Ligand code: MN
């Protein structure tokens with residue numbers, strides 16, 4: 001048997017034929033107070049916590065996704081996504097934005113039933129969060145990350161999630177700085193920065209539209 005040549009997952013870059021190669025995908029948990037409350041947590045400013053998804057969980061804008069197996073409760077989470085063009089360890093809050101290549105809108109799809117079972121048993125979240133096609137990401141816009149502005153998600157035209165980027169408990173600089181104390185960040189890393197309240201189930205046959213400011217991401221599931 002011959003091992004096939006592997007391709008590096010990548011994301012489109014707005015207004016360019018170049019692609020952004022995805023090295024790793026990190027995600028922040030419960031970074032909006034109203035979502036922390038709806039998940040039964042206390043939204044005090046405890047240190048941010050992180051989990052990850054495989055790089056090849058990324059999916060292009062406009063994709064029709066296979067409905068994932070092993071769940072009766074697939075949830076949507078709209079998130080601002082940061083794309084890193086530089087990295088390092090122990091990055092200071094003041095220097096953090098220098099590592100940013102650009103930003104995008106993403107969906108952190110979650111098998112909520114598996115996550116609830118994992119939480120209850122004190123087990124890892126990997127199979128709840130890091131499944132195939134669990135990380136749709138729009139084309140990346142180069143440049144500074146917006147610190148405020150609308151973040152919304154709708155399912156079949158009905159608005160489910162609304163928030164503002166300024167409501168993040170930990171801002172982008174703080175997220176990068178803290179994450180860089182756990183791992184040496186590198187070009188190609190994506191960081192999902194958490195979701196506002198209103199997470200809920202998606203069914204086969206439904207279409208999901210996620211927006212951050214004027215950037216839009218649309219995916220759907222076959223009926
Ligand atoms: Mn999330």
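With a 10 Å Cβ neighbour count serving as the proxy for reagent exposure, in which order, fewest first, do 129, 215, 119 appear?
Numbers: 129 25, 215 21, 119 13.
Lowest to highest Cβ neighbour count: 119, 215, 129.
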Inset, instruction - Just round it to a whole percent: the fraction of Cα-Cα distances in the chain exceeding 31 Å. - result: 15 percent
Inset, instruction - List 1, 39 from most exposed to least, where exposure is judged by having the fewest other Cβ atoms within 10 Å. - result: 1, 39
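Which whole-number value in Å³ per residue fits the convex hull of the alpha carbons of the range 54-116? Mind showing how you got there, number by number?
On the way: hull volume 8.6 nm³, N = 63.
Once divided by residue count, the hull of the range 54-116 is 136 Å³.
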Inset, instruction - For the chain, with a Gaussian network of springs between Cα atoms less than 10 Å apart, report the residue from 85, 94, 149 with the top mean-square fluctuation. - result: 94
Legend entry - GNM result for the chain, Cα springs below 10 Å: residue of 205, 40, 62 fluctuating most strongly: 40
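Per residue of the chain, what 222 nm ellipticity follows from adding -39500 (n - 2.57) for every DSSP H run with n ≥ 4, rounded to the nearest 500?
Values: 4 runs with 31 residues, N = 223.
When only DSSP H runs of four or more count, the value is -3500 deg cm²/dmol.
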Legend entry - the range 76-205 - percent relative contact order, Cα under 8 Å, separation 6 or more: 40 percent
Legend entry - Most mobile listed residue (95, 189, 108) in the chain, GNM with C-alpha springs under 10 Å: 95
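Could you calculate the contour length gain from residue 16 to residue 127, that is, 0.36 nm times the residue separation minus the distance between their Cα atoms, to one decimal place in nm? Display every interim value, and only then the final one.
Values: separation 111, 0.36 × 111 = 39.96 nm, distance 3.40 nm.
Once the chain is fully extended between residue 16 and residue 127, it gains 36.6 nm.
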Inset, instruction - Express in nm, to one decimal, how much length is gained between residue 37 and residue 97 on full extension, taking 0.36 nm for each residue of separation and deducting their alpha carbon distance. - result: 18.7 nm
Legend entry - Share of alpha-carbon pairs per 10 Å distance bin for the range 1-81, given as whole %: 12, 33, 34, 17, 4, 0
Inset, instruction - Quickly work out the residue 117-to-residue 7 label distance, labels modelled 7 Å from Cα along the C-beta direction, and quote it in nm with one decimal. - result: 3.3 nm
Inset, instruction - Between residue 214 and residue 142, with labels modelled 7 Å along Cα→Cβ, what's the label distance in nm to one decimal, could you check? - result: 1.8 nm
Inset, instruction - Can you work out the PRE-style zone for residue 24? Point 7 Å along Cα to Cβ, and I want the residues of the range 141-173 with backbone N under 19 Å. - result: 172-173
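For the range 88-134, take the alpha-carbon Rg, divide it by the Kirkwood Rh, and send me Rg/Rh.
Details: Rg = 15.8 Å, Rh = 13.4 Å.
A ratio of 1.18.
No value in this document is a laboratory result; all are computed from the given coordinates. Remember, it's a predicted structure, so these values are computed and weren't measured experimentally. A quick note on method: Cβ atoms are made from the backbone with ideal geometry, for glycine too, and the neighbour counts reach across all protein chains shown.
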